[in-house]
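Just so you know, all these numbers are worked out from the coordinates, no wet-lab data involved. Model, not experiment: these values are computed from the prediction. Every residue, glycine among them, receives a Cβ derived from its backbone with ideal geometry; neighbour counts consider all protein chains shown.
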Amino acid sequence: MRVLIQRVSEASVQIDGEIKSKIDEGLLIFVGIEENDGKEDIDFLAKKSVNLRIFDDENGVMNRSILDSGGDILVVSQFTLHASTKKGNRPSYIKAAKPEISIPLYEEFCAELSKLLHKQVQTGEFGADMKVKLLNDGPVTIWIDSKNRE
């Protein structure tokens, strides 16, 4: 499982011209799921996401987590995080899990984030053609793969 985390001043997801979800200050988390991902990957990435100290403290140092800042989280599924570009110029998405595997894991990841954050996370819509709008704050963008923990 992979996440791309962006610290944002604001972010939103639009589907068919309608805003589905919107947050102000917080984290926009894109998540990609592989066939062999499971509960251990979800737990690791959810805990890591809410505890990352990437928000400024009173001295302007990135020393506070989303839990400390009181911000919100918007989660968007993104199978392209598992793109392989080793051969040719057309990415292969063979490592990305099929919907019957990835949808339940995506939903479980969102539920675990909500539990740890102590409030509901906002989401995109799995498989939809989404227009994601964001104002990256910093910019701060962090990529984490649950299979590379060392």
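Tally Lys and Arg at +1 and Asp and Glu at -1 over the other residues with C-beta under 14 Å from the C-beta of residue 142: what net charge comes out? Surrounding charge for residue 142 is +2. Computed over neighbours whose Cβ is under 13 Å from that of residue 94, the net charge equals +3, Lys and Arg +1, Asp and Glu -1.
Other residues with beta-carbon under 11 Å from the beta-carbon of residue 81 carry, at +1 per Lys or Arg and -1 per Asp or Glu, a net charge of 0.
Can you tell which of 144, 5, 104 lies farthest toward the positive end of the dipole of the chain, using +1 and -1 charges on the Cβ of basic and acidic side chains (Lys, Arg; Asp, Glu)? Farthest towards the positive end: 144. Counting 0.36 nm for each residue step from residue 94 to residue 111 and taking away their Cα separation leaves a gain of 3.5 nm. Counting only aspartates and glutamates at least 8 places from residue 86 when in the same chain, those with an alpha carbon closer than 20 Å to its own are 34, 35, 145.
Pull out a ≥ b ≥ c, the square roots of the eigenvalues of the alpha-carbon gyration tensor of segment 39-103, then state rounded if a/c is under 1.5, prolate if not and a/b is larger than b/c, and oblate in the remaining case. Note, shape of segment 39-103 comes out prolate.
For the peptides 65-71, 133-139, 3-9, 27-33, the ranking by packing is 27-33, 3-9, 65-71, 133-139, with the highest mean count of neighbouring Cβ atoms within 10 Å listed first. Under 1.5 on a/c is rounded, so check that first for segment 59-150, then, if it is not, pick prolate when a/b is larger than b/c and oblate when it is not; a ≥ b ≥ c are the square roots of the alpha carbon gyration tensor eigenvalues. Cα axes put segment 59-150 in the prolate bin.
Note on segment 1-22 and segment 70-126: Cα centroid distance 12 Å, given to the nearest whole angstrom. The calculated 222 nm mean residue ellipticity attributable to helices in the chain amounts to -7500 deg cm²/dmol, summing -39500 (n - 2.57) over DSSP H runs of n ≥ 4 and dividing by all residues.
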